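Below: the structure, in structure tokens.
The values are calculated or read from the model by the stated rules, or taken from the named source; none is laboratory data. Worth saying up front: this structure is predicted, and the values here are computed from it rather than measured. All Cβ positions, glycine included, derive from the backbone under ideal geometry; neighbour counts span all protein chains shown. Note: areas computed on protein heavy atoms with side chains; ligands, DNA, RNA excluded. Shrake-Rupley method; radii C 1.70, N 1.55, O 1.52, S 1.80 Å.
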Amino acid sequence: MITVMGATGRTGSRICQTLLQAGVPVHALGRNAERLAPLAAAGAQIAVGEPHDAAFLSEAFRGSDAVYTLLAYGPDTEDYRNQQAAQGEAILAAIRSSGVRHVVFISSVGAEVPSGTGPIISMHDQEQRLATLLPEVNVLTLRVGALFENLYGALPIVRACDCYSDAVAPDVPVPMIATADVADAASRALLARDWHGRVVRELLGERDISYAQATCALGAAIGKPDLPYVQMTPEELIGALREGGCSTSVAACYAELAEAINSGLVHAREARSPANTTATSIETFALEWAEAYKTMP
């Protein structure tokens with residue numbers, strides 16, 4: 001049995017499907033029974049509960065050969081750091097009480113940095129918590145690049161303003177990756193369970209992409225190859241995110257992250273190799289993004 005947190009998300013749902021296709025029993029966790037229903041129909045056991053509920057997680061993890069863990073949050077989270085800490089402590093307590101011996105944690109490029117990285121700080125903190133489980137528990141941390149799917153947030157901006165804007169400098173190369181590639185790497189690890197102690201691996205995309213290059217790829221996919229990228233100030237980004245429904249806490253985190261990327265504080269540490277480089281290109285993702293763009297009113 002393998003237990004998967006966030007089973008209704010893009011990464012978690014693909015992991016569940018891959019494991020089920022491999023004939024492995026899956027315990028799929030989520031907050032919404034209706035969204036978990038397709039996984040139940042596919043053969044997974046499901047459990048509905050909150051990711052910060054240690055008792056719920058302990059029961060869900062019990063008897064598992066491995067668990068897939070992550071720190072979830074919504075854009076309207078009022079106190080990002082405290083919410084993430086509560087989840088992290090609940091996961092830690094559940095691992096200890098359930099007796100599970102193999103844990104995969106999805107972290108981020110830059111999580112080795114203890115401060116100044118916005119939302120990535122919570123992943124740094126969780127990596128430190130999980131390290132206290134050694135040597136009884138084998139912990140694999142996958143530090144992934146920025147997700148291509150975050151660019152779906154560009155859809156309303158491109159539609160309304162005929163440009164894309166963020167606070168990241170236009171020409172800074174960023175390791176970007178598709179969620180499908182993250183899910184496939186995590187699935188392989190969960191099936192193999194061949195790591196021992198604490199192992200940290202970076203997981204990067206097909207190549208690093210600047211925001212200007214990503215914008216060009218998105219534009220080309222919708223017939224606008226000259227679509228411009230416009231850099232905001234951190235203050236402008238916070239204002240735009242607040243207008244879009246983000247809490248002050250989350251908006252400030254993303255502004256800090258942009259500054260960390262611009263300064264070079266957040267970047268991939270490992271040299272590229274077949275082991276850490278994945279296949280999906282920005283051009284391939286842009287075709288999927290373009291389909292979503294076409295369906296917008």
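Remarks
- When each of A255, A214 is tested for being under 13 Å from P175 (Cα atoms), of a type outside the set (S, T, N, Q) and either at pLDDT below 95 or not in a loop (DSSP other than H, G, I, E, B) (or both), the lone residue that passes is A214.
- Given (1) in a helix (DSSP H, G or I); (2) surrounded by fewer than 21 Cβ atoms within 10 Å (Cβ to Cβ), number of the condition H52 does not satisfy: (1)
- Residue in the range 158-166 that is acidic (D, E), in a helix (DSSP H, G or I) and open to solvent by 10 Å² or more (accessible area, probe 1.4 Å) present: no
- Qualifying residue in the range 3-15 (condition: surrounded by 15 or more Cβ atoms within 10 Å (Cβ to Cβ), at pLDDT 95 or above and over 21 Å from the mean Cα position of the chain (by Cα)): no
- Any chance L36 is in contact with a Ser or Thr (Cβ under 9 Å, 6 or more places away or on another chain), in a loop (DSSP other than H, G, I, E, B) and within 24 Å of T179 (Cα to Cα): no
- Subset of the range 83-118 (residues that are open to solvent by less than 10 Å² (accessible area, probe 1.4 Å), farther than 27 Å from L191 by Cα and not β-branched (V, I, T)): Q84, G118
- Residues of the range 223-277 that are hydrophobic (A, V, I, L, M, F, W, C) and open to solvent by 60 Å² or more (accessible area, probe 1.4 Å): V230, L265, A271, A275.
- Criterion: of a type in the set (S, T, Y), under 21 Å from S249 (Cα atoms) and open to solvent by 30 Å² or more (accessible area, probe 1.4 Å) - qualifying residue of Y80, Y73: Y73
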